Amino acid sequence: MTLVYVEHQDGRVDDASLQAIALAREIAGGAPLHALLAGPGAEQTAAGLGAHGVATAHIADHEALAGHAPVALARCIGELIERLSPAAVAAAGSERGNEVLAHAAAIGDLPLAANCIAAEAGDPLTVTRIRWGGSLLEDARLHGPVKLLTVAPHTVDAAEVGGGPATVERFTPSLGEADLVVRVVETVQQSSEGGVNLADARFVVSCGRGAGSPEGFAPAEQLAALLGGAVGCSRAVTIAGWRSHTDQVGQTGTKIAPEVYLACGISGATQHMAGCKGAKRIIAVNVDPEAPIIANADYAVIGDLHDVIPAITAELREGGAG
Amino acid sequence: EGLNLPRYPSVPGRLRAKRKPLASSAPAGRAPGVEKLRLRLPPGQGKQAEILGHGAEAAPAVVEVLRRAGLVA
């Protein structure tokens, strides 16, 4: 059987975890699928996983798991590995998913392949994973009694298979002080003026160094507001202090997968492309027709973003949008 | 002078070094848990973007792409 560590927030399972479940189901090849959840809200989401093919959902019940604690969660995985002997353990390749499974791999001396985009059932387990920020794909084989893998977000489609509600079982893991050295004690909600979440937005417009200043983002903000999208930026912008890191799209920022990504005044370095590869369509706006982003985009406009973005907004308004 | 200037060995130093024992060991080694089979380029490389236009005059073409993506009513 295959075990999936599932992340959830506010009573909703993370999309990346649903995608991980889909890949885990492929590896399981018919064998039962189990899930592990922890933290407040696990009860609401557990049974619903049955729709994605999960037979049994295990809820780790411990007061120390009220906030995210990577090593403690890895211990929970370790306990389930000992008790259930899964062939493989999967999780979303999110920051937390990667961290928790990395600890589980170290604790259990087990192999881990992170950021997988495909896998074939079998022993040894063959996977394809993203390397070098998406510049390369690696085909690899995992050898070991239990194989761990994380699934790169936005690379596998989640799928509901119409199963009945999952059986929910609770267990209390034995956690020591050392397992709780790193844990979230407080979450501060950053006030976004009713803004759209960058990671989920269907439309994202980003500006890079080409914006010239924090004020240079004003047209982008207007366009995003008009289309109900979000504003992103490149790392150069966050380093210059024009925008906060939470707006950064890239390898060390947020990975996005919108319907359309409008990248303006961004050269298109590999690390930035790593963050926006999930976009269905990329439109680049740049004064430089030789910019690397043009080779990675689907469409391009050669021009200054200070002219182009307001023109797009005006065209949309004329057409009656917003 | 500078922290990054190399400390070159002297000639007698180099001769002494030749006589020193050189310990070598073969680590027990363990089968890699993750065995790399091959690296390859992701598909869809080397495409060129479709140029929608230059400057503000490309706006209608951009809006058309947005419309086809279902972002504009």
Practice prompt. Out of the residues in region A:271-303 that are more than 7 Å from chain B (Cβ to nearest Cβ) and over 23 Å from the mean Cα position of the chain (by Cα), state the one that is surrounded by the most Cβ atoms within 10 Å (Cβ to Cβ).
Written response: A:VAL285
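Take B:GLU57 and tell me if it is surrounded by 14 or more Cβ atoms within 10 Å (Cβ to Cβ) and either within 33 Å of the chain's Cα centre (by Cα) or in a loop (DSSP other than H, G, I, E, B) (or both).
Numbers: surrounded by 14 or more Cβ atoms within 10 Å (Cβ to Cβ): yes; either within 33 Å of the chain's Cα centre (by Cα) or in a loop (DSSP other than H, G, I, E, B) (or both): no.
Judged against the criteria, B:GLU57 is not a match.
Quick test for you: out of A:LEU65, A:LEU110, pick the one residue that is in contact (Cβ under 8 Å) with a residue 24 or more places away in the chain, within 14 Å of chain B (Cβ to nearest Cβ), touching a strand residue (DSSP E or B) at 6+ places or on another chain (Cβ under 6 Å) and farther than 27 Å from B:LEU41 by Cα. Quick ask: steps written out before the conclusion?
Working: A:LEU65 fails: within 14 Å of chain B (Cβ to nearest Cβ).
A:LEU110 is the lone residue from the list that is in contact (Cβ under 8 Å) with a residue 24 or more places away in the chain, within 14 Å of chain B (Cβ to nearest Cβ), touching a strand residue (DSSP E or B) at 6+ places or on another chain (Cβ under 6 Å) and farther than 27 Å from B:LEU41 by Cα.
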Practice prompt. Taking the options A:ILE293, A:ILE309, A:ILE282, A:ILE239, name whichever one is more than 24 Å from A:TRP132 (Cβ to Cβ) and not polar (S, T, N, Q).
Written response: A:ILE309
Practice prompt. From the list B:LEU52, B:LEU71, pick out the single residue that is part of a loop (DSSP other than H, G, I, E, B), in contact with a Phe, Trp or Tyr (Cβ under 7 Å, 6 or more places away or on another chain) and at the interface with another protein chain (Cβ under 7 Å from one of its Cβ atoms).
Written response: B:LEU71
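If I ask for residues that are over 13 Å from A:VAL151 (Cα atoms) and either within 8 Å of chain B (Cβ to nearest Cβ) or of a type in the set (Lys, Arg) (or both), which ones from region A:121-130 would you list? Don't jump to the end; show me each part of the working.
Within region A:121-130, the first condition is being over 13 Å from A:VAL151 (Cα atoms), and the residues that meet it are A:121-126.
A:PRO124, A:THR126, listed by residue number.
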Fill in: Positions within region A:144-164 being within 11 Å of the chain's Cα centre (by Cα), assigned to a strand (DSSP E or B) and not hydrophobic (A, V, I, L, M, F, W, C), in sequence order
A:THR150
Item to complete: Determine the pairs where a residue that is in contact (Cβ under 8 Å) with a residue 12 or more places away in the chain, located within region A:48-62, has a partner that is of a type in the set (Ser, Thr, Tyr) with Cβ atoms under 7 Å apart, the partner being 6 or more residues away or on another chain.
Response: A:ALA55/A:THR167; A:THR56/A:THR167; A:ASP61/A:THR172; A:HIS62/A:THR172
Worksheet item: In this structure, does A:ALA90 turn out to be aliphatic (A, V, I, L, M) and either surrounded by fewer than 23 Cβ atoms within 10 Å (Cβ to Cβ) or farther than 27 Å from A:VAL185 by Cβ (or both)?
Response: yes
Response to the item:
In the set B:LEU66, B:LEU71, B:LEU37, the lone residue that is farther than 20 Å from A:TYR261 by Cβ and free of Cβ contacts under 8 Å to residues at least 12 places away in the same chain is B:LEU37
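What's the total number of residues in region A:33-52 that are buried (at least 21 other Cβ atoms within 10 Å of the Cβ) and outside any helix (DSSP H, G or I)? Full working, then the answer.
In the first step, residues of region A:33-52 are kept if they are buried (at least 21 other Cβ atoms within 10 Å of the Cβ); the result is A:33-38, A:42, A:45-46, A:49-50, A:52.
Pick out the ones that are also outside any helix (DSSP H, G or I) and you get A:33-38.
The qualifying residues number 6.
Return the residues of region A:165-181 that are outside any loop (DSSP other than H, G, I, E, B) and either surrounded by 14 or more Cβ atoms within 10 Å (Cβ to Cβ) or within 25 Å of the chain's Cα centre (by Cα) (or both); say none if nothing qualifies.
Looking only at region A:165-181, we keep the residues that are outside any loop (DSSP other than H, G, I, E, B), and these are A:167-171, A:177-180.
Matches in region A:165-181: A:THR167, A:VAL168, A:PHE171, A:ASP179, A:LEU180.
Examine region A:64-80 for a residue that is aliphatic (A, V, I, L, M), closer than 15 Å to A:LYS147 by Cβ and crowded, with 16+ Cβ neighbours inside 10 Å, and state whether such a residue exists.
To start, the set of residues in region A:64-80 that are aliphatic (A, V, I, L, M) comprises A:64-66, A:69, A:71-74, A:77, A:80.
Going one step further and asking which of them are closer than 15 Å to A:LYS147 by Cβ, we end up with A:77, A:80.
Within this subset, residues satisfying the condition of being crowded, with 16+ Cβ neighbours inside 10 Å are A:77, A:80.
Yes - at least one qualifying residue is present in region A:64-80.
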Worksheet item: Which one of these does A:VAL151 not meet: (1) in contact with a helix residue (DSSP H, G or I) (Cβ under 6 Å, 6 or more places away or on another chain); (2) more than 21 Å from A:LEU33 (Cα to Cα)?
Response: (2)
Fill in: Residue within region A:234-251 that is touching an Asp or Glu at 6+ places or on another chain (Cβ under 9 Å), buried (at least 22 other Cβ atoms within 10 Å of the Cβ) and not in a loop (DSSP other than H, G, I, E, B) present
yes
Discussion item. Condition check: surrounded by fewer than 13 Cβ atoms within 10 Å (Cβ to Cβ), facing chain A (nearest Cβ under 7 Å) and not hydrophobic (A, V, I, L, M, F, W, C). Does B:ARG30 satisfy that?
Written reply: no
Item to complete: Within region A:229-255, work out how many residues are over 21 Å from the mean Cα position of the chain (by Cα) and not hydrophobic (A, V, I, L, M, F, W, C).
Response: 2
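Bear in mind that the values in this text are calculations on the coordinates, not laboratory data. Just so you know, these numbers come straight off a predicted model, no measurement behind them. All Cβ positions, even for glycine, are placed from backbone atoms using ideal geometry, and neighbour counts span all protein chains on display.
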